[in-house]
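Got a structure for you, questions after.
The values are calculated or read from the model by the stated rules, or taken from the named source; none is laboratory data. None of the values given here were measured: they were computed from a predicted structure. Positions of Cβ are generated from backbone atoms using ideal geometry, with glycine treated the same way; all protein chains shown enter the neighbour counts. Ligands, DNA and RNA are stripped out before the accessible areas are found, and what is left, the full protein with its side chains, is counted by its heavy atoms. Shrake-Rupley method; radii C 1.70, N 1.55, O 1.52, S 1.80 Å.
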Amino acid sequence: RPRPSLPAAVVGAGLGGSAVAYFLQQHFGPQVQLDVYEPAGVGGRLATVTVNKQQYESRGASIHALSLHMQDFVKILGLKHRREVAGKSAIFSGEHFVLEETDWYLLNLFRLWWHYGISFLRLQMWVEEVMEKFMRIYKYQAHGYAFSSLEELLRSLGGDAFVNMTQRSVAESLLEVGVTQRFVDDVIAAVLRSSYGQSVLVPAFAGAMSLAGAQGSTWAVEGGNKLVCSGLLKLTKANIIPARVTGVSLHSSEGRALYQVHYESSEGQGSAFYDMVVVTTPLHSSRSNFTFENFEPPIADFPRAFQPSVTSVVHGYLNSSYFGFPDPKLFPFASILTTDTPDLFFNTMDNICPVNISAAFRRKQPHEAAVWRVFSQQPLDKQQLKTLFRSYYSVQVTEWQAYPRYDAAKSLPPIVLHENLFYLSGMEWVASSMEMIAVAAKNVALLAYNRWHQDLEKIDQKDLMHKVKTEL
C-alpha cells in the first residue's frame, strides 16, 4: 500500500481524542490517515454504569447551553438532547440547609437577596463578562486562527486579565468585585466542590467556567454523552488501536521530523511511525511511564497532579432524617451540594435519571428507592453509606483522576511539544469541561494544519477582533 501523505497518531479516545481526530480530518481531508490509540473503552471519562438494566452517567454529566462545539457534534451525528426532568437543589452545611431552591423563580431570587444582598448580581455580571469574551474563540476558530500556547489563546480573548485569572483564586477575584465572604463560603464553595471537588482557591478562570455552568441552562445527550466520542470516531473512519502508548521517540526523514509511537497491547509491544502526533491523555506524575526519547532539548517533565475523585452510584432509599426531614415523603430535593465543612464526607449527591428517558418517565419520589450519584474525595465506608441511605440494593464505585489539582499549578502546560507533536490536555489547567476540551481539540487541529502548510498568518495573531471584523 503506498504510504499516505500524512499518517497521524492520536493518543487517547476520550472526548479530546475523538474531537481532534474529527477536526484534523475536517481540515486535512483524505490526506490524513488517523490511528487512535486507546487501551480502555472509547469515551474516556465520559462513562456510564448500569443499574437494573438502565444506564446512568457516572461522570461528565451536563453540558452548558453555550457549548457550541458540543452542540455541533450532536447535530452532525444526528444525536438528540436528553429530555429534562426538573428537580430542586439545596446547599447543605452538615447540620442544616443554608440555601434551598423552590419552584418559584422570584422567591429564589428573593431568598438570595435576603441572605446575601446583591452578591448574586455581582457574581452574575462577573461571569457574564468572562463568558462574553470567551465566546470570541468561536469566531477566531471559524476564521481558521490558532494559538501555539494557552497564554496566547487567553490573551487574544481577554488580554493579560485572562492570563492573570489562571494565577489567582476565584475567591480573591469575587471579593474584589464586591461579592461577600458569606456568599463565597456558602454558594461558591458548594458549586466548586460539586464541579471540581476543590475549594474556592481554584483559579478564577476555572471558577468562572464552573459558575457559568451552574447558572446557565444545561443539557445532556440522549443515550449518554459518550456517544459523541464513538460517533466522531466512526465519522472520521479512524483506525482505533486497542493499546496503551508508552512513549514517543524522534527520528527524521528527508529533513522532516518523524515520530515513532511505542505501545503495549494484548499481543505485546509494538511501534509505528507518524508525521504528526497529538497526545490527549493527561501527562502527569501518576502516568510518568510515558517517555519522550531523542528530543533535543528534552521535553520537560509534567510535575502537575490530578485530583482523584470517587463516584458512588447507589440504588437505595435516602435517609432524609440526616438532612432534617424525618418524613421522607416531604424531602423536596433532587440535588444536594455541600459547603466546605471538615466533617462532611461527600461533595455532592444527585437523584439521577437514566441516559434514555422515555416520555412516560417520572423522577422517583423521595420515599421510593432511587438511583443516587454521590461524589466524594474518598470511597464511602459502610457507616457513611448508612448515614446517607436507610437501605440500599447496590453500590457501584468508580475511582478516577477527575480534574487537575488546581492549587498546584504555577504555569500552564505547553501545546507544542515539538515541530508536529502536540499536547491537548493542557487546556484542563485553564478550565476543565467537555466544551473546553472541544475548544482545545479545534485549536490543536487548526494549529497543526497552519504549521504544516506554513500559514503563519493564522497563528498567534494580535488584535484578532479587528482582523475578523475586516475579514467579514
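May I ask for the angle, rounded to the nearest 10°, between helix 105-116 and the longest principal axis of the chain, with both axes built from Cα atoms and the value confined to 0 to 90°?
The helix 105-116 is inclined about 90 degrees to the chain.
Starting from the Cα of Lys133, draw a straight line to each of the lysines and keep only those under 27 Å, dropping any in the same chain fewer than 8 residues away.
Lys75, Lys410, Lys442, Lys458, Lys462, Lys467, Lys469
Please report Rg (one decimal) and Dmax (integer) in Å for the Cα set of region 201-346.
Cα-based Rg and Dmax for region 201-346 come out at 23.2, 76 Å.
Send over a whole-number figure in Å² for the accessible area per residue of the chain, probe 1.4 Å.
Numbers: 21270 Å² over 472 residues.
Per residue, the chain has 45 Å² of solvent-accessible surface.
Would you calculate, for the chain, the mean residue ellipticity at 222 nm contributed by helices, counting each DSSP H stretch of 4 or more residues as -39,500 (n - 2.57) and dividing by all residues, to the nearest 500?
-9000 deg cm²/dmol
Under the Karplus relation 6.51 cos²θ - 1.76 cosθ + 1.60, θ = phi - 60°, what is the ordered set of whole-Hz ³J(HN,Hα) values for region 374-379, x standing for Gly and Pro?
Values per residue, Gly and Pro as x: 10, 9, 8, 7, 10, x Hz.
Given H placed 1.01 Å from N in the peptide plane, which residues other than close sequence neighbours of Arg168 have an amide H under 5 Å from its amide H?
Ala204
So who's got an amide H within less than 5 Å of the one on Leu258, skipping anything under 5 residues away but keeping other chains? H placed 1.01 Å off N, in plane.
Hits under the 5 Å cutoff: His251, Ser252, Ser253.
Further question: Could you please tell me the mean projected area of the C-alpha convex hull for the chain, averaged over all directions and given in square nanometres to one decimal? Before the final figure, lay out each step's value.
Working: hull surface 96.1 nm².
Result: a mean projected hull area of 24.0 nm².
Hey, another quick one. Spelling out what I want: for every residue of region 311-321, take phi, set θ = phi - 60°, compute 6.51 cos²θ - 1.76 cosθ + 1.60 (Karplus), and round to whole Hz; glycine and proline get x.
3J(HN,Hα) across region 311-321, in whole Hz: 10, 10, 9, 10, 9, x, 9, 5, 8, 5, 4.
State the Kirkwood hydrodynamic radius of region 363-472 in Å, one decimal place, computed from all pairs of distinct Cα atoms. Please report the intermediate quantities before stating the final value.
Values: mean 1/r = 0.0532 Å⁻¹.
Evaluated on region 363-472, it is 18.8 Å.
Given +1 on the Cβ of Lys and Arg, -1 on the Cβ of Asp and Glu, and no further charges, what dipole in debye does region 1-151 carry about its Cα centre, rounded to the nearest 20?
540
Could you tell me the distance between the Cα centroids of region 287-320 and region 339-363, to the nearest Å?
Taking the Cα centre of each part, region 287-320 and region 339-363 sit 24 Å apart.
Summing +1 for each Lys or Arg and -1 for each Asp or Glu, what net charge is found among the other residues whose Cβ lies under 12 Å from the Cβ of Leu175?
Working: positive: Arg122, Arg168, Arg182; negative: Glu172, Glu176, Asp185.
Neighbourhood net charge equals 0.
Can you compute the charge dipole magnitude of region 255-343 about its Cα centre, using +1 on each Lys and Arg Cβ and -1 on each Asp and Glu Cβ, nothing else charged? Give it in debye, rounded to the nearest 20.
Charge dipole, region 255-343, about its Cα centre: 240 debye, nearest 20.
Which whole number of Å³ per residue matches the convex hull of the alpha-carbon atoms in region 413-472?
Normalising the Cα hull of region 413-472 by residue number yields 103 Å³.
Per Stokes-Einstein, at 20 °C and 1.002 mPa s, what whole-number D in µm² s⁻¹ belongs to region 24-74, with the Kirkwood radius over Cα pairs as the hydrodynamic radius?
Once the numbers are plugged in, D ends up at 151 µm²/s.
For Trp113, Trp452, what's the largest-to-smallest order of accessible area, 1.4 Å probe?
Trp113, Trp452
Taking the Cα atoms only, what angle lies between the long axis of helix 15-28 and the longest principal axis of the chain, rounded to 10 degrees?
Helix 15-28 sits roughly 40 degrees off the main axis of the chain.
Counting other Cβ atoms within 10 Å of each Cβ, which GluC sites (Glu not before Pro) in region 241-312 have at most 14 and sit in a DSSP loop?
Listed in order of number, the matching sites are Glu254, Glu267.
On alpha-carbon atoms, Rg over Rh for region 62-147 using Kirkwood Rh?
Looking at region 62-147, the ratio lands at 1.09.
Something else now. Could you give the size of the charge dipole of the chain about its Cα centre, using +1 on the Cβ of each K and R and -1 on the Cβ of each D and E, expressed in debye and rounded to the nearest 20?
For the chain, the charge dipole is close to 1180 debye.
Cβ under 9 Å from Thr339's Cβ, Thr339 left aside: what net charge do those residues give with Lys, Arg +1 and Asp, Glu -1?
Combined, the nearby Lys, Arg, Asp and Glu give -2.
In whole Å, how far is the Cα centre of region 232-282 from that of region 1-79?
Using only Cα atoms, the two centres lie 17 Å from each other.
Tally up the carbon and sulfur contribution to the accessible surface of region 1-125 as a whole percent, 1.4 Å probe, everything protein left in place. Walk me through the numbers on the way to the answer.
Numbers: 3580 of 6420 Å².
The value for region 1-125 is 56 percent carbon and sulfur by accessible area.
Using only C-alpha positions, report the orientation-averaged shadow area of the convex hull of region 121-238, nm², one decimal. Don't skip to the answer; put the middle values down first.
Numbers: hull surface 37.2 nm².
About 9.3 nm², averaged over all directions.
What angle do you read, to the nearest 10 degrees and between 0 and 90, between the alpha-carbon axis of helix 204-215 and the longest principal axis of the chain?
So the inclination is approximately 50 degrees.
Could you work out what % of the accessible surface of region 313-465 is carbon and sulfur, using a 1.4 angstrom probe and leaving DNA, RNA and ligands out of the count? Numbers along the way, then the final one.
Values: 3270 of 6470 Å².
Roughly 51 percent, rounded to a whole number.
Net charge within 12 Å of Lys469 by Cβ-Cβ distance, Lys/Arg positive one each and Asp/Glu negative one each, not counting Lys469 itself?
Details: positive: Arg136, Lys139, Lys467; negative: Asp463, Glu471.
The answer is +1.
Could you sort 36-48, 117-129 so that the peptide with the highest average Cβ count within 10 Å comes first and the rest follow in order?
Working: 36-48: 20.7, 117-129: 17.4.
By packing density, highest mean first, the sequence is 36-48, 117-129.
Go through Val468, Pro282, Val221 and say which Cα lies farthest out towards the positive end of the charge dipole of the chain; charges sit on Cβ, +1 for Lys and Arg, -1 for Asp and Glu.
Looking along the dipole axis, the top candidate is Val221.
Quick check: at a probe of 1.4 Å, how many percent of the accessible area of region 159-214 sits on carbon and sulfur atoms?
54
Counting DSSP beta bridges in the chain, what percent are antiparallel, to the nearest 5?
Roughly 70 percent of the DSSP beta bridges within the chain come out antiparallel.
In whole Hz, with x marking every Gly and Pro, tabulate ³J(HN,Hα) for region 64-75 from phi via Karplus 6.51 cos²θ - 1.76 cosθ + 1.60, θ = phi - 60°.
For region 64-75, the Karplus-derived couplings read 5, 4, 8, 7, 5, 5, 4, 4, 4, 4, 4, 5 Hz, x marking Gly and Pro.
Return the subset of Lys88/Lys382; Lys226/Lys364; Lys80/Lys139; Lys53/Lys226 for which the Cα-Cα distance in this structure is over 23 Å, preserving the input order.
The answer is Lys88/Lys382; Lys226/Lys364; Lys80/Lys139.
Starting from the Cα-Cα distance between Lys75 and Asn294, subtract it from 0.36 nm times their residue separation and give me the gain in nm to one decimal.
Full-extension gain reported as 74.5 nm.
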